[in-house]
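> Quick one: structure below, then a few questions.
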Amino acid sequence: MTTLALAIALFLLANLVVALVAAARGPTSADRMLMALLFGTTGTGILALLAAAGAGAAAVDVALVLALLAAIGGIAFAKRAWRARHHVSD
Amino acid sequence: MSAIDWLSALLLVVGAAFFFAGTLGLLRFPDVYSRLHALAKADNLGLGCVLLGLALRADSLAVAMKLLLIWPLVLTASAGVGFAIARRAQTLGIRPWRQGDAP
Amino acid sequence: MRSETWRALVLRGVAFMLLWWVLVEGRHDGWALGALAVVAATWTSLTLAPPGRRRIRPAGLLAFLGFFLWSSIRGGMQVAAMAMRGRRALRPGLIELAVRLPPGWPRILLVNTLTLMPGTLGVELSRKTLRLHVLDERLPVVAEARALEAAIARMLRRTG
């Protein structure tokens with residue numbers, strides 16, 4: 001089972017790298033913002049899997065904190081987008 | 001391996017498949033809006049499957065619940081960031097791709 | 001204190017105790033720190049978000065969670081199938097809907113959960129209308145959005 005968890009963690013890591021490169025290439029700045037989404041989902045998934053693959057229970061705490069920060073970041077992002085309704089600054 | 005172990009392994013594999021589909025969508029879909037659909041929906045479902053799979057074989061109920069607690073937090077993050085990106089794309093004047101447009 | 005405040009105090013206190021129990025993985029050492037954290041969290045929550053006029057119906061909340069879970073499974077499977085087929089599977093477009101929910105958190109919940117629902121993505125919410133990006137115009141996206149709106153509306157209960 002730990003082997004499976006490790007294998008899947010590595011698979012997700014490969015996914016994350018490919019997706020980050022694709023998002024970073026853009027073409028628009030909105031595309032690049034997709035990177036923020038990737039760290040929240042794939043990043044926490046990898047950490048939780050690594051905890052099961054032998055990194056220890058503390059890795060789950062790291063995943064939880066990452067998820068919490070991502071949630072706060074997401075809300076802040078949305079609020080900013082909300083307020084900046086008619087101001088385009090790029 | 002017990003039935004729970006099999007179910008857990010199955011969920012991990014299914015979760016990985018959804019992450020793969022999300023990445024595939026990011027690579028193949030034509031504009032930022034549709035890419036956002038792919039990442040927000042497929043990756044979050046993939047994460048839910050992975051977390052449930054891990055929670056099934058956790059040592060205690062508290063650890064299982066801790067793993068499952070991660071999911072709503074990431075969902076909140078994805079919803080907030082996703083909305084912000086869609087808004088941003090609109091204020092930048094990006095028109096959604098339509099069938100028949102050049103890529 | 002009003003009875004509503006007492007009710008919120010007890011409910012939130014219990015919720016934070018449960019959260020602490022989960023965070024320490026059920027261990028019993030450090031309960032003093034836990035008690036302090038629970039009191040601090042409950043006080044902060046009551047200060048920052050005092051119990052409002054709109055209460056949530058527990059049955060409605062459960063129904064909403066079930067609906068949400070099922071929809072996000074469908075949404076994930078749908079978009080995964082489209083990703084496998086590539087862009088020829090898409091028929092994207094923008095649609096506008098009149099919002100029927102009251103302003104405040106019900107609308108914010110609507111626009112944010114739509115992003116996780118099958119085929120829809122919240123783009124803009126103005127005073128009366130909601131603009132959505134849809135992956136495939138041929139799908140019953142308006143019906144999906146209305147079903148979500150109804151699920152949120154069933155959670156609301158006006159008091160006072």
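> Relative contact order, percent, of segment B:3-91 when contacts are C-alpha pairs under 8 Å separated by at least 6 residues? Walk me through the numbers before you get to the answer.
Details: 91 pairs, mean separation 28.6, N = 89.
Over segment B:3-91, the number comes to 32 percent.
> If you don't mind, another one. Quick one: if you stick a label point 7 Å off each Cα along the C-beta vector at C:ARG27 and C:ARG154, how many nm between them?
It is 4.3 nm.
> Still on this model: Which value in deg cm²/dmol, rounded to the nearest 500, describes the helix-derived mean residue ellipticity at 222 nm for chain B, given -39,500 (n - 2.57) per DSSP H run of n ≥ 4 and division by the residue count?
Roughly -25500 deg cm²/dmol at 222 nm, from the helical runs in chain B.
> Continuing with the same structure: Sequence-distant or interchain residues sharing an amide H contact under 5 Å with C:LEU121, placed H: which?
C:HIS133
> Counting only helical runs of four or more DSSP H residues, what would the 222 nm mean residue ellipticity of chain C come to if each run contributes -39,500 (n - 2.57) and the total is spread over all its residues?
Numbers: 5 runs with 90 residues, N = 160.
About -19000 deg cm²/dmol.
> Springs between alpha-carbon pairs under 10 angstrom, Gaussian network model over chain C: which of C:LEU109, C:LEU23, C:LEU94 fluctuates most?
Comparing C:LEU109, C:LEU23, C:LEU94 in the GNM, the peak value goes to C:LEU23.
> Can you figure out the FRET efficiency of C:ARG57 with B:ILE4, using R₀ = 35 Å and their beta-carbon distance, to the nearest 0.05?
0.55
> Which value, in Å² rounded to 10, gives the accessible area of C:GLU25 with a 1.4 Å probe and all protein chains present?
It works out to around 40 Å².
> Also, quick follow-up: Å³ per residue of the Cα convex hull, for segment C:3-52? Mind showing how you got there, number by number?
On the way: hull volume 3.2 nm³, N = 50.
Roughly 64 Å³ of hull volume per residue.
> Moving to a separate point now. Go from 0 up to the bin containing the longest alpha carbon distance in chain C, width 5 Å each, and give me the % of pairs per bin.
1, 8, 14, 15, 14, 13, 11, 10, 7, 5, 2, 0, 0
> Can I ask one more? Which ³J(HN,Hα) values, rounded to whole Hz and listed in residue order, are derived for segment C:83-91 from phi using the Karplus coefficients 6.51, -1.76 and 1.60 in 6.51 cos²θ - 1.76 cosθ + 1.60 with θ = phi - 60°, glycine and proline given as x?
After applying 6.51 cos²θ - 1.76 cosθ + 1.60, I find 5, 5, 7, x, 6, 5, 6, 8, 9 Hz.
> Would you work out if chain A is rounded, prolate or oblate? Take a ≥ b ≥ c from the square roots of the eigenvalues of the alpha-carbon gyration tensor; rounded if a/c is under 1.5, else prolate when a/b is larger than b/c, oblate otherwise.
Oblate is the answer for chain A, as a/c is 1.5 or above yet b/c matches or exceeds a/b.
> Roughly speaking, what is the centre-to-centre gap between segment C:12-75 and segment B:63-90 when only Cα atoms are used, to the nearest Å?
17
> So in the protein assembly as shown, what percent of DSSP beta bridges are antiparallel if you round to the nearest 5?
Numbers: 14 of 15 bridges.
Beta bridges within the protein assembly as shown, antiparallel portion: roughly 95 percent.
> Next question, about the same structure. Out of B:SER78, B:SER34, B:SER60, any idea which swings most in a Gaussian network model of chain B, alpha carbons joined below 10 Å?
B:SER60
> Now a separate question. According to the Kirkwood expression over distinct Cα-Cα pairs, how big is the hydrodynamic radius of chain B, in Å? Numbers along the way, then the final one.
Details: mean 1/r = 0.0655 Å⁻¹.
Computed over Cα pairs of chain B, the Kirkwood hydrodynamic radius comes out at 15.3 Å.
> Given the rule -39500 (n - 2.57) for each run of at least 4 DSSP H residues, summed and divided by the residues of chain A, what is its mean residue ellipticity at 222 nm, to the nearest 500 deg cm²/dmol?
Details: 4 runs with 66 residues, N = 90.
After summing the helix terms and dividing by residue count, I get -24500 deg cm²/dmol.
> While we're looking at this one, here's another question. Can you give the log10 of the normalised intensity I(q)/I(0) at q = 0.10 Å⁻¹, computed with Debye over equal Cα scatterers of the protein assembly as shown?
Per q value, in the given order, log10 I(q)/I(0) is -0.63.
> According to the square roots a ≥ b ≥ c of the eigenvalues of the Cα gyration tensor, what is the shape class of segment C:56-97, taking rounded for a/c under 1.5, prolate for a/b larger than b/c otherwise, and oblate for the remainder?
oblate
> Continuing with this model, one more query. To the nearest 10 degrees, how steeply does helix B:44-56 sit against the main Cα axis of chain B, on a 0 to 90 scale?
Once rounded, the angle reads 10 degrees.
The values are calculated or read from the model by the stated rules, or taken from the named source; none is laboratory data. None of the values given here were measured: they were computed from a predicted structure. Note that we place each Cβ from the backbone using ideal geometry, even for glycine, and neighbour counts take in every protein chain shown. Accessible surface areas use protein heavy atoms only, side chains included; no ligands, DNA or RNA. Shrake-Rupley method; radii C 1.70, N 1.55, O 1.52, S 1.80 Å.
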